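Have a look at the structure below before the remarks.
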Amino acid sequence: MTTLTVHIKNKKLEKAVKAVLDALGLSYQEEKSSNQNPSPSGDTWFLDPENLAQLDKGIAEIKAGKAVPYTAELKKELFGE
């Protein structure tokens, strides 16, 4: 017997894979991942812990008031455009 692990990105694809497995008479076992991707599109960027740490750092900086809004005036001041 061979075991395959398939990572399915969305519900529509999950339904299709299950239908194919059922049609072929293959058994399968579902395991829900504890690390659910928060991206509605299933973007794998959100699965990388380094990316999430960078995102958390940015959110903390915003909450601490360290962020500056990027306005047309700031763009002109920084880049002379």
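The values are calculated or read from the model by the stated rules, or taken from the named source; none is laboratory data. Note that this is a predicted model, so its numbers are computed, not measured. Every residue, glycine as well, gets a Cβ built from its backbone with ideal geometry; the counts of neighbours run over all protein chains shown.
Some notes on this structure:
- Test result for N10, modelled with pLDDT under 90 and surrounded by 11 or more Cβ atoms within 10 Å (Cβ to Cβ): yes
- Which numbered condition G42 misses (of (1) in contact (Cβ under 8 Å) with a residue 24 or more places away in the chain; (2) within 30 Å of M1 (Cα to Cα)): (2)
- Total residues in segment 27-43 satisfying the condition of being surrounded by 10 or more Cβ atoms within 10 Å (Cβ to Cβ), of a type outside the set (F, W, Y) and modelled with pLDDT of 85 or more: the figure is 1.
- Within segment 44-58, tally of residues that are assigned to a loop (DSSP other than H, G, I, E, B) and either surrounded by 12 or more Cβ atoms within 10 Å (Cβ to Cβ) or touching a Ser or Thr at 6+ places or on another chain (Cβ under 6 Å) (or both): 0
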